[in-house]
Amino acid sequence: MAGHRFSVVTSLDVSIPVLETNIANSGFAGNLAKVRASGVPVLALEENAQASASKVIDQIIAAEREDDIQSVVLGCGGMVDIERAAASKTQIRLIDGVRSAALLASAL
């Protein structure tokens with residue numbers, strides 16, 4: 001396990017209620033501290049990777065500092081490179097949903 005409480009960092013504010021609902025419907029609402037938006041549109045994660053990564057990492061650091069959590073879930077498939085970019089800036093465990101799903105699928 002990656003800890004009892006987690007936060008999610010996603011792209012835009014519009015994604016927050018959708019993610020909160022999906023997390024609740026999956027039975028993890030009690031473990032969720034907060035869903036945070038980085039303000040970075042999905043396409044910007046690829047087109048302007050360095051500036052976009054910085055904004056996402058700022059939210060990861062804020063979650064680590066403010067949310068009383070053990071891990072942060074990257075809430076957008078376009079954030080696959082964030083884990084590597086954040087490694088020197090935070091100690092919080094980062095969970096990439098795409099990678100996690102692929103590992104789970106390969107174990108089935």
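No lab work stands behind these numbers, since they all come straight from the coordinates. Since this is a predicted model, take the numbers as computed values, not measurements. Here the Cβ is made from the backbone with ideal geometry for all residues, glycine too, and neighbour counts use every protein chain on show.
A few notes on this one:
- Axial C-alpha extent at least 24 Å, average Kyte-Doolittle at least -0.5 - helices from the chain (DSSP): 49-66
- Point-to-point label distance, Arg65-Ala51, nm (Cα→Cβ direction, 7 Å offset): 2.3
- Of the options (i) -0.64, -0.84, -0.98; (ii) -0.71, -0.88, -0.99; (iii) -0.51, -0.76, -0.95, only one is log10 I(q)/I(0) by the Debye sum over Cα atoms at q = 0.14, 0.17, 0.19 Å⁻¹ as computed from these coordinates, and that is (iii).
- Dividing the summed helix terms, -39500 (n - 2.57) for each DSSP H run of n ≥ 4, by the number of residues in the chain produces a 222 nm estimate of -13500 deg cm²/dmol to the nearest 500.
- Inter-probe distance in nm under a simple model that places probes 7 Å from Cα toward Cβ, at Ser26 and Ala107: 1.4
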